[in-house]
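Okay, structure first, notes after.
The values are calculated or read from the model by the stated rules, or taken from the named source; none is laboratory data. Treat the numbers as computed from the prediction; the structure is a model and nothing was measured. Neighbour counts are summed over all protein chains in view; Cβ atoms, including those assigned to glycine, are modelled from backbone coordinates with ideal geometry.
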Amino acid sequence: MLLGYARVSTVDQNLDAQFAALVAAGVNPARIYTDKASGAKADRPGLAELMRALREDDVIVIWRLDRLGRSLRELLELVSRIEAAGAGLRSLTETLDTTTPTGRLLFHLFGAIAEFERGLIRERTLVGLAAARERGSKPGRKPLLTGNRLAAVRTLWTNQSIPITDICKQFKVSRRTLYRELGPREGM
């Protein structure tokens, strides 16, 4: 049986083009599962329902691979789950079909290339961070408490009658940030 999946990133977008492409590919409109949520969101009820409905020999049809998952890692995990259920995946735009030996090979080649690319990106990032440190730069997020703000927080910190929660609210920082910057509070 053909099962369809369509997703748009925001509620302002509509699913009409994807829906029409899936129906044209032979998917029964009653068997199309949809989500209106970012692909980065882990909670996609339409996808979860589709995966629960998936049976052996079913084929999930999607308009494009990026509608199913945002990253290749996520796609590989989903395809592994689909294959474990004895089902397949067909992408209309990329003309990729994991129900055929060639389609499975191509999909796994994409996965291997993506893993290689992730490794290269990680390596370049680490080299870039090391070079920035050698130049005296401090990569990463800027500290929330510096200069006058840090001095004011230190003053409040020493006053035991002021609750830590109040200091956090006033300076819009977490307890963890206070403890990291100031250490343990005297008398605690």
key: Filtered residues of region 69-118 (kept if β-branched (Val, Ile, Thr) and closer than 19 Å to Met51 by Cβ)   = Val79, Ile82, Thr98, Thr99
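Here is a list: Gly140, Gly119. Which entry is modelled with pLDDT under 90, exposed (fewer than 10 other Cβ atoms within 10 Å of the Cβ) and not assigned by TED's automatic domain parsing to the domain that holds Val27?
Gly140
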query = Given the structure, is Glu186 assigned to a loop (DSSP other than H, G, I, E, B) and of a type in the set (D, E, K, R)?
reply = yes
key: All positions within region 142-162 that are under 13 Å from Glu186 (Cα atoms), assigned to a loop (DSSP other than H, G, I, E, B) and free of Cβ contacts under 8 Å to residues at least 24 places away in the same chain   = Asn159, Ser161, Ile162
Of all residues making up region 3-32, the number that are of a type outside the set (Gly, Ala, Ser), in contact (Cβ under 8 Å) with a residue 60 or more places away in the chain and out of contact with any helix residue (DSSP H, G or I) (no Cβ under 6 Å at 6 or more places or on another chain) = 1
query = Only one of (1) part of a loop (DSSP other than H, G, I, E, B); (2) at pLDDT below 85; (3) surrounded by 14 or more Cβ atoms within 10 Å (Cβ to Cβ) fails for Val173. Which number is that?
reply = (2)
Positions within region 61-86 being of a type in the set (S, T, N, Q) and either under 18 Å from Gln18 (Cβ atoms) or modelled with pLDDT of 85 or more (or both), in sequence order = Ser80
